[in-house]
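J.: What follows is a structure written as structure tokens; I'll ask about it next.
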Amino acid sequence: MKWLFALGITFLVACMILYEWPKMKQDQKKEKKVFIVLVTFEWLFSLIFLFYPDLKNPSDFLLPMVDNVQKILK
């Protein structure tokens, strides 16, 4: 059953890309790259949390890194 949800997530991500991609102008190369990277991470995280729902929240280990970076930049 989880594989059906995974196929559904993949289908929705593909629809989102097909909907948004033509709206971007030809000269927006950086925006297109960032869009693909963000959509890929979104897709991967959703699949990981679908198959491993007991994993910790990503913000639990990302927020301390942000605090450390802010301390370094001060």
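The values are calculated or read from the model by the stated rules, or taken from the named source; none is laboratory data. Note that the structure is a prediction, hence the values are computed from the model and not measured. Heads up, the Cβs are rebuilt from the backbone with ideal geometry, glycines too, and the neighbour counts pull from every protein chain shown. Accessible surface is based on the protein model in full, side chains and every heavy atom, while ligands, DNA and RNA are left aside. Shrake-Rupley method; radii C 1.70, N 1.55, O 1.52, S 1.80 Å.
J.: In debye, nearest 20: dipole of the range 23-74 around its Cα centre with unit charges on the Cβ of K, R (+) and D, E (-)? If you can, show how the numbers build up before the last one.
T.: Working: 9 positive and 6 negative charges, 85 e Å.
Magnitude of the dipole: close to 420 debye.
J.: Still on this structure, please answer the following. Over the chain, average the accessible area per residue using a 1.4 Å probe and give it in Å², no decimals. Write down the numbers at each step before the final one.
T.: Working: 6610 Å² over 74 residues.
Ligands and nucleic acids excluded, the result is 89 Å² per residue.
J.: In addition: Summarise the accessible area of the chain (1.4 Å probe, protein heavy atoms) by the percent that is carbon and sulfur. Before the final figure, lay out each step's value.
T.: Working: 4750 of 6610 Å².
The nonpolar share, carbon plus sulfur, comes to 72 percent.
J.: If you don't mind, another one. Calculated from the structure, Cα extents along the principal axes in Å equals which of (i) 42, 41, 10; (ii) 56, 28, 12; (iii) 40, 30, 18?
T.: Checking each listed value against the structure points to (i).
J.: Helix-only mean residue ellipticity at 222 nm, the chain, DSSP H runs n ≥ 4 weighted -39,500 (n - 2.57), per residue, nearest 500. What is it? Could the numbers behind the result be given before it?
T.: Details: 3 runs with 58 residues, N = 74.
Helix-only estimate at 222 nm: -27000 deg cm²/dmol.
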